[in-house]
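Single-structure report; data block below.
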Amino acid sequence: MENEQNFILRGENLHKEYVMQKNVFGKPVKKFVTLKGIDIGVKCGETLGLVGESGSGKSTTGEILGDLQKPTEGSVYYLGRKVSDMTKEEYKKYRKDIQFIFQDPKGSMNPKFTVYQVMKEPLVTLDVMPEGEEMDALIKDYISKVGLEEDILTESPSRLSGGQCQRIAIARALIVNPKVVICDEPVSALDVSVQAQILNLLRDLQKELKIAYVFISHDIGIVNYMADRIAVMYLGEIVESGTADEVFGNPKDSYTKRLVDCALV
């Protein structure tokens, strides 16, 4: 792996296994292994593409990097600091600086909330700022950044399209000024025409806000469009990694070649 100091967020020797069955003494007798000791990292301002088929471990990797899951073995580091060793204040900053955009935006929002309340929630939960005119102005600014009108703030997400909800999810993730956003299949549930709009929006916002993405997808064509570097996952391991041009343009691993061939059909 490259010099550890180059990475804003990285995982070292990440293992993850789930106990599927225990014996009468409570000891595991059947396990499902999702990650098999991977090393991975993302640099400031870049997009790391993480690609693989369903079950490859890519979403688990993203969740471990953002501390939504704990690794069975291995460690996550943010700005060189081991997450498990962080003080309360350090961890609070890490949780603010690492945000997520998920595949199902509606499912990640409280159905009882208006769009305004959805946008307000992370600002309040993470103590970014108190409620008031400054918060109102910030919410309106980010709604505008993702190409939506202010009047959508009074709507319920359940009444909106998938594309509108994903724009709101993007605004919600970015409004706390994160350093890294983990995008887990952010366009796979959208129509093809809307996918392109969302991908271009993510690229534009990255340039404007100078944030890093971990972009997770099963589609290596989309990952190639978005990423500076690509890591290919298969059965819990990284089988190939390099720049997007290297991995997509001249794949070495047979599994990567199959992914590329499927993307080019």
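The values are calculated or read from the model by the stated rules, or taken from the named source; none is laboratory data. Bear in mind that the values here come from a model prediction, so they are computed numbers and not experimental data. Note: ideal-geometry Cβ built from the backbone for every residue, glycine included; neighbour counts use all protein chains shown. Just the protein is used for accessible areas: all its heavy atoms, side chains included, with ligands, DNA and RNA removed. Shrake-Rupley method; radii C 1.70, N 1.55, O 1.52, S 1.80 Å.
Some values worked out for this structure:
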| quantity | calculated |
| --- | --- |
| Tensor-based shape of region 204-249 (alpha-carbon gyration tensor, a/c under 1.5 rounded, otherwise prolate or oblate) | prolate |
| Exposed-loop-free span, longest in the chain, where trypsin sites (Lys or Arg not before Pro) count as exposed if DSSP calls them loop and at most 10 other C-beta atoms lie within 10 Å | 1-111 |
| Total formal charge among the other residues, if their Cβ is under 15 angstrom from that of Lys70, Lys/Arg +1 and Asp/Glu -1 | -3 |
| Gly49 long-range amide H proximity, modeled H, under 5 Å | Phe215, Asp228, Arg229, Ile230, Ala231 |
| Surrounding net charge for Val33, when Lys and Arg each add one and Asp and Glu each subtract one, Cβ distance under 12 Å | +1 |
| Relative compactness, region 1-76, computed as alpha-carbon Rg over 2.2 N^0.38 Å | 1.27 |
| Rule-of-thumb Rg ratio for region 126-265 [Cα; 2.2 N^0.38 Å; N residues] | 1.22 |
| Computed helical MRE - 222 nm, the chain, DSSP H runs ≥ 4 contributing -39500 (n - 2.57), nearest 500 | -11000 deg cm²/dmol |
| 0 to 90° range, to nearest 10: angle between helix 133-145 axis and the chain longest Cα axis | 60 |
| At 1.567 mPa s and 4 °C, Stokes diffusion of the chain via Kirkwood alpha-carbon radius, µm² per second | 67 |
| Exposed-loop-free span, longest in the chain, where GluC sites (Glu not before Pro) count as exposed if DSSP calls them loop and at most 10 other C-beta atoms lie within 10 Å | 1-130 |
| Rounded tilt (10° steps) of 115-125 against the dominant C-alpha axis of the chain | 70 |
| Probe 1.4 Å, protein heavy atoms only - accessible area per residue of region 33-78 in square angstrom | 33 |
| Fraction of alpha-carbon pairs over 24 Å apart in region 1-138 - percent | 46 |
| Carbon plus sulfur fraction of accessible area for the chain, probe 1.4 Å, in percent | 48 |
